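Everything below concerns the one structure shown next.
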Amino acid sequence: MLLDALEASGAEVVTVAIRRISLAEKGYSILDFLRNKYFILPNTAGCYTAREAVLTAKLAREALGTNWVKLEVIGDDETLYPDTVQLLEAAKQLVDEGFVVLPYCNDDPVVCGKLEKIGCEAVMPLGAPIGSGMGILNPYNIRIIKKNAGVPVIVDAGVGTASDVAVAMELGCDGVLVNTAIAQAKNPVAMAKAIRLSVEAGRLAYLAGRIPRKLYAEPSSPLEGRIGAEDP
């Protein structure tokens, strides 16, 4: 089911939690299969301090031979929101040590700007709390982040269905990280396909340019030729 959903999604990158995979397994593993088809992006999920996150990233580099890391430093067990202070500290240290850092962060334009200034290659603001399925709660912040960013913006967390992904792409985001919306769907493969199509539709809509929102109605048909339009 996992592999079928990945195929249906059209994904090119798969992120894996280092603490949840066995790097000492003998023989052929699912990780080997994934590495043959996808770009593997290790993450530091489960880390609560900068020190833990940096150590986990270094372990991933040794085990997987990659400098890329999705940086996560969690500050609270209930909300799973990032600890911004620890995140910034870890990001700076990892960038200084040659890592390509993609940080999971709050939807805060100021924080995203600081992460970019540190040298992160992308920013990954949350749309809503991890696994909540609430979608993009603050589209205006995401739009500001994208407007100000000189690096790719990837919405990470909170996606519940395909329409949430379309919204993120319509806001101009460069990508969306999706897990729970597919994994916990009644039909994961169908949802993966729906999300792939919503990425395409949302991006195309962004490039096409939506009409501006207006307070009042505006006729879309001309008045010429209307009965009674020209009274004698």
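The values are calculated or read from the model by the stated rules, or taken from the named source; none is laboratory data. For clarity, every value in this text was computed on a predicted model and none was experimentally measured. Heads up, the Cβs are rebuilt from the backbone with ideal geometry, glycines too, and the neighbour counts pull from every protein chain shown.
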message = Looking only at helices (runs of 4 or more DSSP H) that lie completely in segment 146-232, which have at least 2 residues being surrounded by 14 or more Cβ atoms within 10 Å (Cβ to Cβ) and of a type in the set (Lys, Arg)?
response = 188-208
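Taking the condition of being of a type in the set (D, E, K, R), at pLDDT 95 or above and over 26 Å from Leu31 (Cβ atoms), how many residues in segment 63-110 meet it? Outline the logic, then answer.
Quick first cut of segment 63-110, residues of a type in the set (D, E, K, R) only: 70, 72, 76-78, 83, 89, 92, 96-97, 107-108.
Subset that is at pLDDT 95 or above: 70, 72, 83, 89, 92, 96-97, 107-108.
Adding the requirement that they be over 26 Å from Leu31 (Cβ atoms) leaves 83, 89, 92, 96, 107-108.
Total meeting the criteria: 6.
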task = Only residues that are closer than 20 Å to Ala45 by Cβ and in a helix (DSSP H, G or I): list them for segment 113-145, please.
result = Leu115
query = Does Arg143 meet the test of being closer than 26 Å to Trp68 by Cβ, at pLDDT 95 or above, of a type in the set (D, E, K, R) and out of contact with any Pro (no Cβ under 6 Å at 6 or more places or on another chain)?
reply = no
message = Condition (residue is of a type outside the set (D, E, K, R), assigned to a loop (DSSP other than H, G, I, E, B), modelled with pLDDT under 90 and more than 23 Å from Ala128 (Cβ to Cβ)) applied to segment 10-22: is it met by at least one residue?
response = yes
query = Would it be correct to say that Leu34 is surrounded by 13 or more Cβ atoms within 10 Å (Cβ to Cβ), at pLDDT below 90 and in a helix (DSSP H, G or I)?
reply = yes
note = If you go through Asp156, Asp174, the only one that is in contact (Cβ under 8 Å) with a residue 40 or more places away in the chain, under 23 Å from Glu78 (Cα atoms) and within 11 Å of the chain's Cα centre (by Cα) is Asp156
task = Could you grab the pairs with beta carbons closer than 7 Å, sequence gap of 6+ or different chains, first residue in segment 32-54 and free of Cβ contacts under 8 Å to residues at least 60 places away in the same chain, second one loosely packed, with under 15 Cβ neighbours inside 10 Å and of a type in the set (A, V, I, L, M)?
result = Tyr38/Val13; Phe39/Val13
